[in-house]
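Trainee: For reference, the structure I am asking about is given below.
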Amino acid sequence: MNGIITKAISGFYYVSDGEKIYECKARGSFRESGVSPLVGDRAEFEQIGEQKGVVTAVLPRKNLLSRPPVANIDKLFIISSYEKPAPNAYIIDKLTALAEYKEIEPIIVFNKCDMGGFESWENIYKTAGFRVYTVSAENGEGIDALRTELKDCISTFTGNSGVGKSSILNVLFGELKLQTGDVSEKLGRGRHTTRHTELFSLPDGGFVADTPGFSSLECECNDYSFKENLVYCFRDLSEYADDCRFTSCTHTVEKGCNIIGAVENGKISESRHKSYVALFEELKDLKPWNTAKNKLK
């Protein structure tokens with residue numbers, strides 16, 4: 001039998017075959033191979049009782065995130081809010097770059113439009129080639145358009161605490177009954193309420209991952225390959241990278257750089273290039289032996 005692992009808790013794996021959920025243990029051979037089944041994995045399992053079974057194999061993965069531990073993500077919804085916290089270009093751009101590197105489609109979502117407009121932010125990311133949604137979890141504005149993006153795929157939401165990830169999901173699919181945390185006035189961020197990664201089956205097809213503390217992907221950055229391919233993880237910059245006159249150009253300060261010229265001509269947003277430079281500086285000391293070796297294989 002085949003299915004998708006929708007939840008993993010204390011050595012039990014809950015596998016959906018599209019109709020039922022089976023509570024499974026993993027075959028002992030997984031320990032010997034070093035493979036750990038993950039939420040999002042497409043797995044083979046044997047039924048050994050009424051809705052119980054044993055996971056016997058994990059099928060090849062499209063991608064893997066180690067924090068949170070989840071596999072085969074198709075779309076990453078990057079959420080920002082009008083205030084508390086306000087949008088942060090570097091965080092958004094870093095997340096889009098990591099998503100591109102992992103072959104995940106980044107979708108930009110601005111929440112709390114009932115508090116104010118996001119026109120300048122929308123312009124930056126639409127010009128860069130991203131799909132952008134402006135919504136309000138408070139009054140439902142823009143939610144129907146966003147809902148269509150989640151159909152027939154595995155998606156997850158990320159962003160700083162307090163931006164309204166769970167609130168948006170609850171408006172989208174109230175039956176999920178995800179917990180939400182109030183924003184702490186003192187800290188300016190939300191309190192964690194989600195305790196484990198879980199995939200929820202959606203009414204129109206597909207799954208959405210509810211993930212604990214998914215506001216940082218720092219451990220995914222420590223990879224020399226990510227550093228070497230960084231400019232190609234910025235889709236708007238990559239368009240100009242191959243025509244750059246300098247073969248070893250860093251695209252940060254070099255006079256005559258094709259990318260810097262595109263920034264000066266208004267073809268690339270200054271904020272996007274600034275984020276690229278900041279991330280380049282963050283990664284520049286990585287060496288070839290700094291290869292990401294996920295503990296979760």
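Trainee: Would you mind checking the pairs Lys151/Lys267; Lys94/Lys284; Lys94/Lys227; Lys102/Lys151; Lys75/Lys165 and listing those with alpha carbons more than 23 angstrom apart?
Mentor: Over 23 Å apart, Cα to Cα: Lys151/Lys267.
Trainee: Let me ask something else about it. Considering only protein heavy atoms, what per residue accessible area in square angstrom results for region 82-140 with a 1.4 angstrom probe?
Mentor: Numbers: 2460 Å² over 59 residues.
Ligands and nucleic acids excluded, the figure is 42 Å² per residue.
Trainee: Let me ask something else about it. Which length gain, in nm to one decimal place, applies between Phe246 and Asp17 when the Cα-Cα distance is subtracted from 0.36 nm times their residue separation?
Mentor: Result: 77.2 nm gained on full extension.
Trainee: By how many nm would the segment from Tyr90 to Ile9 lengthen if fully extended, with 0.36 nm per residue of separation less the alpha-carbon distance? Write down the numbers at each step before the final one.
Mentor: On the way: separation 81, 0.36 × 81 = 29.16 nm, distance 3.37 nm.
Taking 0.36 nm per residue and subtracting the Cα distance, the gain is 25.8 nm.
Trainee: How large, in percent, is the carbon and sulfur part of the accessible surface of the chain at a probe radius of 1.4 Å? Before the final figure, lay out the partial values.
Mentor: Values: 6810 of 14660 Å².
Using a 1.4 Å probe with all protein chains present, the chain comes out at 46 percent carbon and sulfur.
Trainee: Something else: Which whole-number value in Å³ per residue fits the convex hull of the alpha carbons of region 1-130?
Mentor: Values: hull volume 18.7 nm³, N = 130.
So the per-residue Cα hull volume is 144 Å³.
Trainee: Go ahead and estimate [θ] at 222 nm for the chain from helices alone: -39,500 (n - 2.57) per DSSP H run with n ≥ 4, summed, over the residue count, rounded to 500.
Mentor: -7000 deg cm²/dmol
Trainee: Nearest 10 degrees, 0 to 90: what angle lies between the long axis of helix 89-101 and the longest principal axis of the chain (Cα atoms)?
Mentor: 60
Trainee: For a quick check, take a GNM of the chain with Cα springs below 10 Å and name the residue from Asp152, Asp285, Asp74 with the largest mean-square fluctuation.
Mentor: Asp285
Trainee: Something else now. Of Ser155, Ser225, Ser166, which has the largest mean-square fluctuation in a 10 Å C-alpha GNM of the chain?
Mentor: Fluctuation is largest for Ser225.
Trainee: Once you've got the GNM for the chain with C-alpha springs shorter than 10 Å, pick whichever of Lys75, Lys255, Lys52 has the biggest mean-square fluctuation.
Mentor: Result for the chain, Cα springs under 10 Å: Lys255 fluctuates most.
Trainee: What is the projected area of the convex hull of the Cα atoms of the chain, averaged over all directions, in nm²? Don't skip to the answer; put the middle values down first.
Mentor: Details: hull surface 68.1 nm².
Approximately 17.0 nm², given one-decimal rounding.
The values are calculated or read from the model by the stated rules, or taken from the named source; none is laboratory data. Remember, it's a predicted structure, so these values are computed and weren't measured experimentally. SASA here: full protein model, heavy atoms, side chains in, ligands and nucleic acids out. Shrake-Rupley method; radii C 1.70, N 1.55, O 1.52, S 1.80 Å.
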